[in-house]
Amino acid sequence: MGIVGIIAPDEAPLLALISLIAPAITSGNVVVALASNPQPYPAIVLGEMLATSDLPGGVVNILTGQRREMLPTFATHEHIRAISGVANADERRQLKLGAAESVKRVRLQRTEDAPDWFGENAQGLHEIRELIEFKTTWHPIGA
């Protein structure tokens, strides 16, 4: 996909953030992640750990800030090619409308359903597949 915007939920600020970031970078994407608004500290510590790890610089970028101020930019920014995360009904509507302008993939879980980050469905191949864009390449043969 390229650049994936990650929207972390307010609950389970570290586990949920890692569960959303890992499939995106595993499939070769770069991540711009919005940390939990009320509990940003775990995301900040994760960012510091990633900065000193073997992960190339710029692969994971973590932002902190007011969710209501950042979501419109995530939705309409033309370099972000996909959005993945957890959002309430109003946020989902706002993200989908903004994403339609730049034709980006939106994959959001409902806050109302309280995702189980410890469950088997929280991680897996299906999460990685959602953040891959397949393209057909034609190679001419012959003269």
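The values are calculated or read from the model by the stated rules, or taken from the named source; none is laboratory data. None of these values were measured; they are calculated from a predicted model. All Cβ positions, even for glycine, are placed from backbone atoms using ideal geometry, and neighbour counts span all protein chains on display.
Scanning region 51-85 for residues that are in a helix (DSSP H, G or I) and more than 16 Å from the chain's Cα centre (by Cα), which turns out nearest to Leu20 (Cα to Cα)?
Ala51
All but one of (1) touching a strand residue (DSSP E or B) at 6+ places or on another chain (Cβ under 6 Å); (2) part of a helix (DSSP H, G or I); (3) surrounded by fewer than 21 Cβ atoms within 10 Å (Cβ to Cβ) hold for Ile18, so report the exception by its number.
Answer for Ile18: the failing condition is (1).
Return the residues of region 62-100 that are of a type in the set (Lys, Arg) and either within 20 Å of Ile25 (Cα to Cα) or in contact with a helix residue (DSSP H, G or I) (Cβ under 7 Å, 6 or more places away or on another chain) (or both); say none if nothing qualifies.
Arg81
Sort through Gln94, Gln39 and tell me the only one that's assigned to a helix (DSSP H, G or I), touching a residue at least 12 places away in the same chain (Cβ under 8 Å) and polar (S, T, N, Q).
From the options Gln94, Gln39, the qualifying one is Gln94.
What pairs come up if the first residue lies in region 116-143 and is in contact (Cβ under 8 Å) with a residue 40 or more places away in the chain and among the aromatic types (Phe, Trp, Tyr), the second is surrounded by 10 or more Cβ atoms within 10 Å (Cβ to Cβ) and in a loop (DSSP other than H, G, I, E, B), and their beta carbons are under 8 Å apart, counting only those six or more places apart or on different chains?
As it stands, the answer is Trp117/Ala12, since those pairs meet every condition given.
I'd like the full set of residues that are among the basic types (Lys, Arg) and modelled with pLDDT of 75 or more, limited to region 114-138. Before the answer, list the steps.
Going residue by residue through region 114-138, those that are among the basic types (Lys, Arg) are 129, 135.
Arg129, the sole residue that qualifies.
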